[in-house]
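The structure under discussion appears below in the form of structure tokens.
The values are calculated or read from the model by the stated rules, or taken from the named source; none is laboratory data. It should be emphasised that the depicted structure is a prediction, and the values quoted were computed from it without experimental measurement. A quick note on method: Cβ atoms are made from the backbone with ideal geometry, for glycine too, and the neighbour counts reach across all protein chains shown.
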Amino acid sequence: MPSLPPLPSDESLRSAVLAVFATDAITASADLRVGVLNGIVHLAGKVDSLEVREAAERLAKNVRGLHGVVNRIEAPGAPSPSRRIDLTKGEYHEEQL
């Protein structure tokens, strides 16, 4: 039986998402934080428009190897996050509001 290729690490997935954001005209200048835990990317930050928020989610979803996207980016008209997520220093901490 052939062996499956190894799953990408959370850090390699995080790097891939950050690279995609850096090369996209809409998200390159946005102040976004990215964390990955167990293959699920968590997006946070504050942007000026829904367009940037939606572009970030769409770009992240296209990164191969991710299992899902949690979008907690604040934008005018966006749903309010029910939880606060701290993605500083590449770590994941969550607290209920």
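Before moving on, here are some points about what is shown:
- Remark: S49 matches the filter, which requires a residue to be out of contact with any Phe, Trp or Tyr (no Cβ under 6 Å at 6 or more places or on another chain) and within 16 Å of A78 (Cα to Cα).
- Among the residues of segment 63-73, just one is touching a Pro at 6+ places or on another chain (Cβ under 7 Å) and surrounded by fewer than 19 Cβ atoms within 10 Å (Cβ to Cβ), namely G65.
- Test for R58: is it modelled with pLDDT of 95 or more and either part of a helix (DSSP H, G or I) or loosely packed, with under 13 Cβ neighbours inside 10 Å (or both): yes
- Inclusion of L43 among residues that are in contact (Cβ under 8 Å) with a residue 12 or more places away in the chain and part of a helix (DSSP H, G or I) is not warranted.
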